[in-house]
Amino acid sequence: MALVTNVCEYEELAKHKLPKMVYDFYATGAEDQWTLRENSEAFSRILFQPRVLVDVSCINMSTSVLGYNISMPIMIAPTALHKLAHPEGEVATARAAAAAETIMTLSSWSSCSIEEVNLAGPGVRFFQLSIYKDRNLVQQLIQRAEKAGYKAIVLTVDAPWLGRREADVKNRFTLPQNVMLKIFEGLDQGKIDKTNGSGLAAYVASQIDRSFSWKDIKWLQTVTSLPVLVKGIITAQDTRIAIEYGAAGIIMSNHGGRQLDYLPATISCLEVVCHM
């Protein structure tokens, strides 16, 4: 294996190692991919203004999130279908997060079940949730996450419609037979095509509730005792509303440029939101 000296080199390695359909699924964004590029370019416009002659012999980057101590201000965001890239999928990711002493948020589009990831070993984990038309399905997912010891619900609010990812269309993206949305395995899902992962994925996508609104956050708080973090906010106005509706916190996100294109980079919105 080639020696990796920085994070960007993982992308080049993945491009050579993964099938094109899988690489494009992970690496590309929605429509013209303007937001995807802007997410990276916006960071390049932020420059350091270092102070000198400060004692840096003992550096401590640790912080806390919802009262849980982590080794650095970096967490693992919810991302789908890790088994497309590695046979152990999200279980391996959970072990890595625990080794790095940080928090992993498990996607509800995980290719490993809630319980499998929990059995990966110790570690603080949050569970990402979308709101589906069948509220019973939502409650079942929450109950399983609570039982498995997950510490918070991360509610995705910026994906009432799935983004048009043109690379997936061109590649005719489908799940291989050995990869499924394991999160939904064993749940009461009604009549769906369970013969392959793609049938289940299509069903889950069709179940996203496009009428979901702020009032439903109050409903969510009645069915779980876990703190609810709202993920997908990039404006001060929505931050205020989230606080008014009792969110334990927000996660600023434009869905990695994979949802709605021509949004500003999240980092460029940070100052406005933090100083609202």
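The values are calculated or read from the model by the stated rules, or taken from the named source; none is laboratory data. Worth saying up front: this structure is predicted, and the values here are computed from it rather than measured. Cβ atoms come from the backbone with ideal geometry, glycine included; neighbour counts cover every protein chain shown.
A residue that is of a type in the set (A, V, I, L, M, F, W, C) and either buried (at least 17 other Cβ atoms within 10 Å of the Cβ) or not in a loop (DSSP other than H, G, I, E, B) (or both) occurs somewhere in segment 42-52. The C-beta contact set for segment 75-88 (first residue under 25 Å from G232 (Cα atoms), second residue of a type in the set (F, W, Y) and crowded, with 18+ Cβ neighbours inside 10 Å, distance under 6 angstrom, 6+ apart or interchain) comprises A80/W109.
Residue-level check: of (1) without any contact (Cβ under 8 Å) to a residue 40 or more places away in the chain; (2) of a type in the set (S, T, N, Q); (3) assigned to a helix (DSSP H, G or I); (4) more than 22 Å from A152 (Cβ to Cβ), T35 misses just (1).
Checking the condition under 26 Å from A14 (Cα atoms) and among the small types (G, A, S), which residue from S130, S108 passes? Just a single option satisfies the conditions, and that option is S108. Among all residues of segment 76-93, there is at least one that is of a type in the set (D, E), under 17 Å from Y26 (Cβ atoms), modelled with pLDDT of 95 or more and not in a loop (DSSP other than H, G, I, E, B). Here A236 does not qualify as in contact with a helix residue (DSSP H, G or I) (Cβ under 9 Å, 6 or more places away or on another chain) and surrounded by 20 or more Cβ atoms within 10 Å (Cβ to Cβ). As a summary of the residue check, I217 satisfies the conditions (1) part of a helix (DSSP H, G or I); (2) within 18 Å of S130 (Cβ to Cβ); (3) out of contact with any strand residue (DSSP E or B) (no Cβ under 8 Å at 6 or more places or on another chain) except for the one numbered (3). L187 falls short on exactly one of the conditions (1) within 29 Å of G89 (Cα to Cα); (2) over 20 Å from the mean Cα position of the chain (by Cα); (3) at pLDDT 95 or above, and that condition is (3).
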